[in-house]
Amino acid sequence: MDQGVENPAFIPDDKPSVQRKPYQPEKEETIEQEFEEGPCGWGKFTPKCLQYCNNAEGYLVFYSLLGIIQGILVNGLVNINITTIEKRYNLNSFTTGLISTGYDMSFFVLSLFISYHGQNGHKPRWLAFSAFMLGLGSLVFCLPHFTSGLYNYGAEIRDTCAPLYSNASMPTCIPSTSSKSSIFLFVFLLGQLLHGVGGTPLYTLGTAHIDDSVSNEKSSLYIGIGNGMSVLGPAFGYVIGGQLLDIYIDINSISKIPLKPDDPRWLGAWWIGFLLCWILAWCLVIPLSCFPKHLPGTAMIQRQKISQAHSSRSANALAQHNFGRNFKDFLLALQMLLKNPVFMALVIAGTSEALVITGFVTFMPKFIENQFGLTASLAAILGGAVLIPGAFIGQIVGGLIISKLKLQCQNVLRMAAITCILSLLCALVFIFARCPNHPFAGVNQDYNHSSTEKKFNLLAPCNEDCYCVRSHYNPVCGVDHVQYFSACYAGCTNASGNAMYQNCSCIQPAGDKFSAQEGICATACNMMPLFMGFFLVAVIFTFMTGTPITIAVLRCVPDKQRSFALGIQWLFVRILGTIPGPILFGAVIDISCVLWNENDCGEKGACWTYDNMKMATLITAIGTSAKLISLITIVAACFLYRPPQLPEEPEQMPNGSASEWGFEAEGQK
């Protein structure tokens, strides 16, 4: 008669069928020896004041602070400054999307090694290493500003229509510009790679350390708080970065610059935020290094925990007591997790969710800027006002619900499915809350105010005698409510000191009024409040899905493989989610571009204007497709999950180690 259970029937998870093993003194001694608890300090220097932080709450504070700094850098400052970096170094959205993925590339390379090697190591010291590398990466990322010289905003080019340029004033081609941009691209990538090295221990070993140190009921709340606090990082990044974009990029020459923040040629001081994060990150190295390997009370908590790992058969070789302590067991541990169907379904769900999140977080400010005709700084602030509170609320509420209702793994999966459905429905706001493009002469309509399907052409009979510079975009809005690439392309011959232009041959006169005013035309679209409201709800439910996925991953695998499981999950998330996410969204945004910048050599650079309707449609198609994949895999995990059934006679398990790893004994007749 079989004493093990190979395929247990479905059992509701609100009444766990897991049986606690009888009291075993020898196992308690093993646990006490394994979880080396100690005082807070450095070596023999353990002042009493530090012991007030030597608990789960104290660790959570510094874990959250490090998460905030990581969020400021990777999900805040980098994203908010994408448009500025594109214009400053003449890069397209695909290239800047590649820069964003540099963080994920190093995460992908290191996640398995760090999560496996560090799961039995000193996790708080790994976080101290994380803080050091994040600071170093932020320092490297801002180096291009100090090596690229002063920003040339093109003031030497006349903006009005002139019949003839002298040879000295004609724009000249400088072929070396593109090669310099390539060098800066590699520096940005290096900074992001270092950011990734620092971020890898944070969300693998750091999260697992929280789960080790508190009970299952508190774990979801603590992880939700930690993740929610880390979401404040992008909030600070968006707010601080948005304010810094109102400071001119070269702060030492701001008094000599006749530009204002609403000028398209204006570039903000994107680099200041990275210098601040360099200092803040290195300030956390010392306090993180003072925590002991395990917090006081960890051994007691581990004795009281009941495994919820997915029930599956295990090879005898995996039941050895010292399995997983040597790196030679790496492939066996990896194989076991890859054969866990519930874990793999959750990995796919988390990956598709990450693809959507990183894509939207990276390019949402640009989407808002172009869709509703706002400045880069205002679009960044509004984007942060939606993304950050929504993510924070979603993380906290998700963890709070799991903790207060004491949801077991089965119900956690059901909760993830429900929130995924709700976020998918709210994300459809991109379809019915989009704005048409404002009339743009030579781009989406002819100069005679008729729509055109012909190839875009800024030249027309009204400006054919003007020598206009194509590489300098300085839009003006005519009294005919049509936007023009520049006053020169509008045929304007006179300019006043208050950014007004007269005598514009391409603009129909309107009495004694000015012909054109500097800046883009104000949009008549009133969809922004509706879009922001629905998108906020979509963000809340999206991040409410993320917390249950993380908790379910920690619960459906053997207890001692939680760090490694998170490492594998993040590996797939980086390869198939956060790395291709910004690249895919960037490529889609580039496809919707209708007006590219061209330098004096005729080389294509950043995009000036996009097709709003096309951009919204393509982004919706990507987002809904990824959300459907998440929903299908979460539902599949619900049906595949089986609570563990441990045999009543634990002595039949070799060395008493099977329950430690969450393995069930092989059925024996």
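The values are calculated or read from the model by the stated rules, or taken from the named source; none is laboratory data. Computed from a predicted model, the values in this text were never measured in an experiment. Cβ sites come from the backbone with ideal geometry, for glycine too, and all protein chains shown count toward neighbours. Surface accessibility is based on the protein's heavy atoms, side chains included, excluding ligands, DNA and RNA. Shrake-Rupley method; radii C 1.70, N 1.55, O 1.52, S 1.80 Å.
Filtering the stretch 441-463 for residues that are of a type in the set (A, V, I, L, M, F, W, C), at pLDDT below 80 and closer than 20 Å to residue 488 by Cβ leaves a non-empty set.
Mind listing just one residue for me: the one in the stretch 613-659 that is modelled with pLDDT of 85 or more, of a type in the set (S, T, N, Q) and under 21 Å from residue 408 (Cα atoms) and, of those, nearest to the chain's Cα centre (by Cα)?
Taking the stretch 613-659 as the starting set, the residues that turn out to be modelled with pLDDT of 85 or more are 613-641.
From the residues that got through so far, the ones that are of a type in the set (S, T, N, Q) too are 617, 620, 624-625, 630, 633.
Imposing the further condition that a residue be under 21 Å from residue 408 (Cα atoms) reduces the set to 630, 633.
Numbers: 630: 17, 633: 22 Å.
My answer is 630.
Candidates are the residues of the stretch 55-78 that are among the β-branched types (Val, Ile, Thr) and within 12 Å of residue 288 (Cβ to Cβ); the one that is most open to solvent (accessible area, probe 1.4 Å) is 61. In this structure, residue 542 does satisfy being assigned to a helix (DSSP H, G or I), in contact (Cβ under 8 Å) with a residue 40 or more places away in the chain and touching a Ser or Thr at 6+ places or on another chain (Cβ under 9 Å).
So which of 501, 489 ends up being modelled with pLDDT under 90, assigned to a strand (DSSP E or B), open to solvent by less than 40 Å² (accessible area, probe 1.4 Å) and at negative phi?
Details: 489 fails: assigned to a strand (DSSP E or B).
501 is the lone residue from the list that is modelled with pLDDT under 90, assigned to a strand (DSSP E or B), open to solvent by less than 40 Å² (accessible area, probe 1.4 Å) and at negative phi.
Every listed requirement among (1) closer than 30 Å to residue 476 by Cβ; (2) at pLDDT 85 or above; (3) β-branched (Val, Ile, Thr) is met by residue 160 save one, (2).
For the stretch 359-406, give me the residue count where each residue is among the hydroxyl-bearing types (Ser, Thr, Tyr) and touching a Phe, Trp or Tyr at 6+ places or on another chain (Cβ under 8 Å).
As a first pass, look at the stretch 359-406 and keep what is among the hydroxyl-bearing types (Ser, Thr, Tyr): 362, 375, 377, 403.
From what's left, touching a Phe, Trp or Tyr at 6+ places or on another chain (Cβ under 8 Å): 362.
Residues that pass the stated criteria total 1.
Do you know which residues across the stretch 236-251 are at pLDDT 80 or above, open to solvent by less than 10 Å² (accessible area, probe 1.4 Å) and part of a helix (DSSP H, G or I)? If the condition is that a residue be at pLDDT 80 or above, open to solvent by less than 10 Å² (accessible area, probe 1.4 Å) and part of a helix (DSSP H, G or I), then 237, 241 are the ones that fit. Restricted to helices (runs of 4 or more DSSP H) entirely inside the stretch 79-153, those with at least 1 residues that are modelled with pLDDT under 80 and either touching a strand residue (DSSP E or B) at 6+ places or on another chain (Cβ under 9 Å) or surrounded by 19 or more Cβ atoms within 10 Å (Cβ to Cβ) (or both) are 82-89, 93-100, 102-118.
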